[in-house]
Each structure stands twice: as C-alpha cells, then as structure tokens.
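All remarks here apply to the structure that follows.
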Amino acid sequence: MNQEVAQPPTLSVLLAEDNLVNQRVASALLEKIGCHVTVCSNGREAVHLVTQGSFDLVLMDIQMPEMDGLAATAAIRALPDSAKARIPVFAISANVRAEEVAEYKAHGITDILTKPLRADRLKNLLHDRGAGPSAAADLLDRVQIAALQEALPPAKLTELFGLAETSLQESFAALKSGWKAEDPAQVKAAAHRLAGVARNFGFLALGEQAARIENAASRGEDSAGESAKTAALLEASLGALPNCSPPAKP
C-alpha cells in the first residue's frame, strides 16, 4: 500500500539584499530547500513588502542603500499590525562581533546568519521555523501561565489577570509620559514596573521589550522610538492570552 510522505510546509521568505550575485545565490539555496522567495534591494522596499504582503520570515542584509537593514528592522517592529511587527528577521552579515550582535538585537533582529550563506545553516533555520512562526508562542511564557492556572482557581486567576492588564496599561502610560517629558528616571521606573508584571504573568516578549527599555534608560539612551513596538506587543500579548481555565489533567 502506498503511503504519502508528509512534506514540510513551504515557507514564504523575503530576502532583502542589494548585491545581485548574493541575491541569486541566496535565492537558489532557499528555493532548493523548498522556499518561495521574494527579493528586494533595500530596506525601504523590505518594509513596504512586509506591510503589503505575507511572509514567514525575512532575511535582511545589514548594509543596503536608501535604508539599511537595522533601520528597516526597527521600522518593521514599529508597524501598527502586531502580527507583521513580530515577523522573524534574520540579519545577514559578515560582522558578528559581540557588540555588533548586541546592536542588531537592540534594533529587533531575531538572530544572525553569517556570510557566506550556507545551505546547511539555512536548512537548520527553516527547520526551526518549520510550521511557520507562532505568534502566541513568541509572545507568551506558557510554562508560567500553566503554573498560574494550576495554582489558582479560575475566578481568582481571571481577577488577577484583570489587575495585571490594568497595571500594564498604567505602566505603559507612565512610560509614554516619561518619553514625552524626556525624563530617563521616569522611563526607567515605568519600564521596570512593566517588565516585572509582564514576566510574572507570562507576557514573555513584552517583558523582554520592557527590560530593554529599562536598560537603555539606565545608560541614558533615548528609547522613545520603541513606543509603537511596545504598544503593539502589549495589545498582541493581551489578545494572545488563553482562557484562565486550568489545564486538563492527563
């Protein structure tokens, strides 16, 4: 009896690369392992295509004309559509010193692929993304939420999550006020509160974002450009939250 072998899902990849030869090499490697590839030549085009299209991930060259890869990634993270703002963006770069990697991630880069691109690295990356990006998985700490569900009755948990939402909204309002007043101390305090509540209630990505803002304020850096991304993460996190019923017993 013939049995059908399950095929891995085809992933839609946006490749942002200004060098024609590199475009062709990367496209060939991606197509060989079953991807549908859309190519653009600068960061501005990449932001436009993410806004208008539907992709599973972006491979982003760092050095490009008109808008470089870091600026393009920051613009994607600030998109009002929270699903598009969370798309995985992998930097393509030959520069992978620790300080450069830190800068890339501060701009919202998911991870780094070193040049030259190799088929095995791309295959491993796409295998990790196998079923396509899962927004809820990226947003929520399922272990923490399950622990809360186990420890508390549904009515109490619903009440606490309601209080958490109020606290998060208030902390974000204080954060925006601090940015507007250009007050690093207020920004740091508000981000600290936001990070603490987010982590306690399993809002993983929001907690990480708030911690980055807190650290930036500690260094005296302006993080007001993170407002749209933080607002999108807050909205998406609350929308992704599962119901407060305890998990089913095996």
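Please treat every number below as a calculation from the coordinates, not as lab data. Owing to the predicted nature of the structure, the values given are computational and were not obtained by experimental measurement. FYI the Cβ positions are ideal-geometry reconstructions off the backbone, even for glycines, and counts take in every protein chain you see.
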- Measure nothing fancy, just the Cα-based angle from helix 204-218's long axis to the longest principal axis of the chain, in degrees from 0 to 90, nearest 10. 80
- Item | R0 of 35 Å, Cβ-Cβ distance Lys180-Ala146: FRET efficiency to nearest 0.05 | 0.40
- Relative pair counts by distance (%), Cα atoms of the chain, 5 Å bins: 1, 6, 13, 15, 16, 14, 13, 10, 7, 4, 1, 0, 0, 0, 0
- Whole-Hz ³J(HN,Hα) from phi, Karplus 6.51 cos²θ - 1.76 cosθ + 1.60, for the stretch 76-88, glycine and proline x: 5, 5, 9, 4, x, 7, 5, 5, 5, 5, 9, 4, x
- Message: I'd like the antiparallel share, as a percent to the nearest 5, of DSSP beta bridges with both residues in the chain.
- Response: 5
- Note on the structure: The distance between the Cα centres of the stretch 173-220 and the stretch 54-125, in whole Å, is 24
- Message: Output the 0 to 90 degree angle, nearest 10, between the alpha-carbon long axis of helix 20-32 and the longest principal axis computed from the alpha carbons of the chain.
- Response: 80
- Name all residues of the stretch 87-118 having a backbone nitrogen under 16 Å from the label point set 7 Å from the Cα of Asp81 along its Cα→Cβ direction, giving them as ranges. 87-89
- Query: When a footprinting reagent is the concern and you count Cβ atoms within 10 Å, what order do Ile62, Ile213, Ile33 take, fewest first?
  - Reply: Ile33, Ile62, Ile213
- Query: Looking at Leu15, Gly34, Met64, which one has the Cα that reaches farthest to the positive end of the dipole of the stretch 1-123 (charges on Cβ: Lys, Arg +1; Asp, Glu -1)?
  - Reply: Gly34
- Task: Please give the calculated 222 nm ellipticity per residue for the chain, where each DSSP H segment of at least 4 residues contributes -39500 (n - 2.57) and the sum is spread over every residue; nearest 500 deg cm²/dmol?
- Result: -18000 deg cm²/dmol
- In Hz, Karplus ³J(HN,Hα) per residue of the stretch 110-116 (6.51, -1.76, 1.60; θ = phi - 60°; x = Gly, Pro): 6, 6, 10, 10, 7, 7, x
- Too long for a 21 Å Cα-Cα cut-off, among Lys176/Lys229; Lys32/Lys84; Lys32/Lys123; Lys156/Lys188; Lys180/Lys229, are Lys32/Lys84; Lys156/Lys188
- Message: Take Glu103 and Gln52, extend 7 Å from each Cα along the Cα→Cβ direction, and tell me the distance between the two endpoints in nm.
- Response: 3.1
- Query: Once amide H atoms are placed 1.01 Å from N in the peptide plane, what residues at a sequence separation of 5 or more from Val39, or on another chain, have their amide H within under 5 Å of its amide H?
  - Reply: Leu15
